[in-house]
Amino acid sequence: MASSQIWFVIGTLALIFFSSASAEDVVVLTEDNFEKEVGQDRGALVEFYAPWCGHCKKLAPEYEKLGASFRKAKSVLIGKVDCDDQKSLCSKYDVTGYPTIKWFPKGSLEPNKYEGARTAEALAEFVNTEGGTNVKISTEPSHVVILAPDNFNEIVMDEKKDVLVEFYAPWCGHCKGLAPIYEKVATAFKLEEDVIIANVDADKYKDLAEKYGVSGYPTLKFFPKGNKEGEEYEGGRDLDDFVRFLNEKCGTSRDAKGQLNSEAGKIATLDNLIKDFVSASNDDKKAAFAQLEEEVAKLEGSKARYGKIYLKAAKNCMEKGTDYAKNEIQRLERMLTKAISPAKSDEFILKKNVLSAFA
């Protein structure tokens with residue numbers, strides 16, 4: 001196997017490992033995996049809930065916050081069981097009301113019922129005591145933009161922004177259930193300057209709700225750059241549904257964790273020009289580069305930024321030889337397996353994707 005292929009396989013395996021390590025913060029438990037996850041070599045806090053339960057929906061954002069905070073605590077599992085879907089499992093553990101929260105000590109399937117307050121802080125204090133951990137609740141700021149009459153037009157009507165708006169009511173159970181998912185959507189797109197994930201209290205600002213025909217909660221409306229009248233969002237309400245919708249509508253390339261995918265930064269017209277550039281003789285490369293510069297000059301917005309990456313890559317290929325792209329891709333793949341910031345990860349993935357046209 002060629003050295004470039006070896007490095008590609010190593011990089012791919014490392015990325016697969018990273019992805020698998022970034023599982024959901026709250027583990028979904030079923031009859032199939034319950035005894036594989038619980039009662040083993042770590043303690044487990046398990047919420048038994050029903051999707052329609054108002055108290056469960058109210059607990060959801062707090063429980064998600066708890067799961068995110070204990071994500072790296074290897075000695076503790078934060079899990080949940082949907083009792084509508086897993087009736088026999090909930091019956092086995094004497095669940096008669098929702099939500100029921102139980103602590104399973106390390107190595108035991110005999111739980112103790114949690115009777116404390118249903119806040120992330122109270123739950124964390126309990127888990128730390130029982131599990132011997134010392135985890136603090138993460139306080140990452142929300143990435144959902146809060147709208148009100150004084151900033152609604154400034155943000156939503158900005159022709160340079162694609163804006164998804166949730167009209168909600170604080171007392172609405174469905175809104176409470178959506179809240180942790182909506183926060184994850186905002187987090188996934190936090191590095192996209194032209195994409196705004198926002199919400200507005202439609203119960204408090206009834207005039208705004210009436211203006212946009214809101215009659216039920218939550219109502220989601222999308223205000224793209226080219227249509228500030230707004231359009232009803234009628235897709236699913238899982239994280240992946242929102243991510244697919246926004247990628248399609250906004251021309252972005254994010255996954256549910258906010259990472260760029262393998263298509264991010266690639267521009268078909270420039271990829272076609274790169275084919276000619278790569279195959280050109282050394283004497284003809286300057287002419288091919290000039291044509292590339294001409295096309296990049298026509299680009300606008302984020303595509304203009306990607307175009308500059310193409311130009312820099314082409315220039316380096318001319319100066320450093322034909323192996324530059326292959327060697328640089330290998331270096332970037334190694335860097336992506338390390339602990340780096342989301343912004344730096346974006347930078348490396350964009351470069352790697354563009355360089356793939358040269359390799």
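Data overview
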item: Residue 303 vs. criteria basic (Lys, Arg), touching a Cys at 6+ places or on another chain (Cβ under 9 Å) and more than 30 Å from residue 180 (Cβ to Cβ); result: no
item: Residue ID - farthest from residue 359 (Cα to Cα), chosen from residues in the stretch 299-326 that are within 27 Å of the chain's Cα centre (by Cα) and either open to solvent by 100 Å² or more (accessible area, probe 1.4 Å) or among the aromatic types (Phe, Trp, Tyr) (or both); result: 300
item: Subset of the stretch 261-298 that is of a type in the set (Asp, Glu) and either touching a Gly at 6+ places or on another chain (Cβ under 8 Å) or open to solvent by 70 Å² or more (accessible area, probe 1.4 Å) (or both) - its residue that is nearest to residue 191 (Cα to Cα); result: 263
item: Selection from the stretch 64-75 of residues that are buried (at least 21 other Cβ atoms within 10 Å of the Cβ) and either assigned to a loop (DSSP other than H, G, I, E, B) or more than 18 Å from the chain's Cα centre (by Cα) (or both); result: 70
item: Helices (runs of 4 or more DSSP H) contained entirely in the stretch 78-156, each with at least 3 residues that are open to solvent by 30 Å² or more (accessible area, probe 1.4 Å) and not aliphatic (A, V, I, L, M); result: 87-92, 120-131
item: Candidates 195, 163 - the one that is open to solvent by less than 60 Å² (accessible area, probe 1.4 Å), more than 30 Å from residue 50 (Cβ to Cβ) and under 14 Å from the mean Cα position of the chain (by Cα); result: 195
item: Condition check for residue 98: modelled with pLDDT of 95 or more, closer than 13 Å to residue 66 by Cβ, touching a helix residue (DSSP H, G or I) at 6+ places or on another chain (Cβ under 9 Å) and of a type outside the set (Gly, Ala, Ser); result: no
item: In the stretch 333-347, residue farthest from residue 310 (Cα to Cα) [restricted to those that are surrounded by 18 or more Cβ atoms within 10 Å (Cβ to Cβ) and out of contact with any strand residue (DSSP E or B) (no Cβ under 9 Å at 6 or more places or on another chain)]; result: 336
item: Some residue of the stretch 32-39 being open to solvent by 10 Å² or more (accessible area, probe 1.4 Å) and under 25 Å from residue 137 (Cα atoms); result: yes
item: Residue tally, condition modelled with pLDDT of 95 or more and within 17 Å of residue 243 (Cβ to Cβ), over the stretch 190-229; result: 7
item: Output for the stretch 200-246, where each listed residue is open to solvent by 50 Å² or more (accessible area, probe 1.4 Å), under 21 Å from residue 258 (Cα atoms) and not in a loop (DSSP other than H, G, I, E, B); result: 240, 244
item: In the stretch 299-332, the residues that are of a type in the set (Gly, Ala, Ser) and free of Cβ contacts under 8 Å to residues at least 40 places away in the same chain; result: 304, 321, 325
item: Condition met for residue 355 (out of contact with any Gly (no Cβ under 9 Å at 6 or more places or on another chain), within 30 Å of residue 231 (Cα to Cα) and surrounded by 14 or more Cβ atoms within 10 Å (Cβ to Cβ)); result: no
item: Long-range neighbours under 9 Å by Cβ, at least six apart or interchain, first residue over 19 Å from residue 130 (Cα atoms) within the stretch 91-111, second among the basic types (Lys, Arg) and in a loop (DSSP other than H, G, I, E, B); result: 99/118
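The values are calculated or read from the model by the stated rules, or taken from the named source; none is laboratory data. For clarity, every value in this text was computed on a predicted model and none was experimentally measured. No Cβ is skipped: glycine too gets one built from the backbone with ideal geometry, and neighbour counts run over all protein chains shown. For the accessible areas, the whole protein counts, side chains as well, though only heavy atoms, and no ligand, DNA or RNA atoms are used. Shrake-Rupley method; radii C 1.70, N 1.55, O 1.52, S 1.80 Å.
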